[in-house]
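Peer 1: Got a structure here, written out as structure tokens. Questions coming.
The values are calculated or read from the model by the stated rules, or taken from the named source; none is laboratory data. The structure displayed is predicted, hence computed values, not measured ones. Here the Cβ positions follow ideal geometry from the backbone for every residue, glycine too, while neighbour counts run over all protein chains shown.
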Amino acid sequence: MPLTFDDLLTRATALAAPGRRAVLGIAGSPGAGKTTLAERLVRTLNESGAEPWVAHVPMDGFHLADVELDRLGRRDRKGAPDTFDAGGYAALLRRLREEPAEVVYAPTFERVLEQPVAGAIPVPPTARLVVTEGNYLLLEAGSWSRVRPCLDEVWFCEVDEDERVRRLVARHEEFGKDHGTAVSWVLGTDQRNADLVAATRDRADLVVPVGALPAPEQNSAARAGS
């Protein structure tokens, strides 16, 4: 039987065993639908309880700020593995697992500003499952190798390549790029990152086919594109 979204809900719920906090990772290339899946999982699972028990902590909050990318000479490669604070991300994941009795604050990424924002996401003690998503959860290079041991499972989102590119172009246009610049970025910087992420697919615990992914909501190109 084909994998369904309901199957994913059941599997995510099973990770949250009594007496411990679980962390589920969702990986995939840019535009594969990671954020759409994570947000829908979190919202649907939270509807099943008297109070929210699932939190969403995106990897994108660990983008380096543009001022630091300029200092390092990496701004034209924004989104590549070395334009994130991978060690900081791994440390946060470890803290989420080891300090479930405290409110833990995580950063977010503001797409209008194209900048990280510190302390924007509170993860309360009631959160028994944390869903985190990003491109490089399965990468083994450098500090990224410290991420996978902090995750109970990692799912890999897979989508048709043409659709993935279409989503990314739409996202970049929504946030200010003209069509030509958006296409150039998607086929250049984004594609190099996508190829790197695709090579990590076999390390995932589960590959989520497009048929099991929730359809992107109307007017949410930014979320659907991730």
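Peer 1: Given the options ARG111, ARG97, name the one that is closer than 24 Å to SER145 by Cβ, surrounded by fewer than 20 Cβ atoms within 10 Å (Cβ to Cβ) and within 18 Å of the chain's Cα centre (by Cα).
Peer 2: It is ARG97.
Peer 1: How many residues are in contact with a Pro (Cβ under 9 Å, 6 or more places away or on another chain) and acidic (Asp, Glu) if we restrict to segment 117-144?
Peer 2: Qualifying residue count for the region: 1.
Peer 1: Follow-up question, since we're still on this one. Can you tell me which residue in segment 147-185 is surrounded by the fewest Cβ atoms within 10 Å (Cβ to Cβ), limited to those that are under 27 Å from ALA204 (Cα atoms) and of a type in the set (Lys, Arg)?
Peer 2: Per the stated criteria, the residue is ARG166.
Peer 1: For segment 34-54, how many residues meet the condition of being more than 18 Å from the chain's Cα centre (by Cα) and either within 14 Å of VAL210 (Cα to Cα) or not charged (D, E, K, R) (or both)?
Peer 2: Within segment 34-54, residues that are more than 18 Å from the chain's Cα centre (by Cα) and either within 14 Å of VAL210 (Cα to Cα) or not charged (D, E, K, R) (or both) number 6.
Peer 1: Among residues belonging to segment 8-36 that are closer than 23 Å to PRO149 by Cβ and polar (S, T, N, Q), point out the one that is surrounded by the most Cβ atoms within 10 Å (Cβ to Cβ).
Peer 2: In this case the residue turns out to be SER29.
Peer 1: Mind checking which residues of segment 36-59 are in a loop (DSSP other than H, G, I, E, B) and of a type in the set (Gly, Ala, Ser)?
Peer 2: Matches in segment 36-59: SER48, GLY49, ALA50.
Peer 1: Looking only at segment 49-62, filter to residues that are surrounded by fewer than 20 Cβ atoms within 10 Å (Cβ to Cβ) and in contact (Cβ under 8 Å) with a residue 12 or more places away in the chain; which one of those is farthest from TYR136 (Cα to Cα)?
Peer 2: Checking each candidate, the answer is GLU51.
Peer 1: Determine whether segment 20-35 contains at least one residue that is assigned to a helix (DSSP H, G or I) and on the phi < 0 side of the Ramachandran plot.
Peer 2: Yes, segment 20-35 contains at least one residue that is assigned to a helix (DSSP H, G or I) and on the phi < 0 side of the Ramachandran plot.
Peer 1: Against the definition (surrounded by fewer than 21 Cβ atoms within 10 Å (Cβ to Cβ) and either at pLDDT 95 or above or closer than 20 Å to ALA120 by Cβ (or both)), how does GLU39 come out, yes or no?
Peer 2: yes
Peer 1: What is the residue count in segment 79-94 for residues that are surrounded by fewer than 17 Cβ atoms within 10 Å (Cβ to Cβ) and either more than 18 Å from the chain's Cα centre (by Cα) or of a type outside the set (Gly, Ala, Ser) (or both)?
Peer 2: Adding up the residues that qualify gives 2.
Peer 1: Need pairs with beta-carbon distance below 7 Å; first residue farther than 18 Å from ALA32 by Cα and within segment 168-195, second at pLDDT 80 or above; sequence gap 6+ or separate chains.
Peer 2: Between residues of segment 168-195 that are farther than 18 Å from ALA32 by Cα and residues that are at pLDDT 80 or above, the close pairs are HIS179/GLU173.
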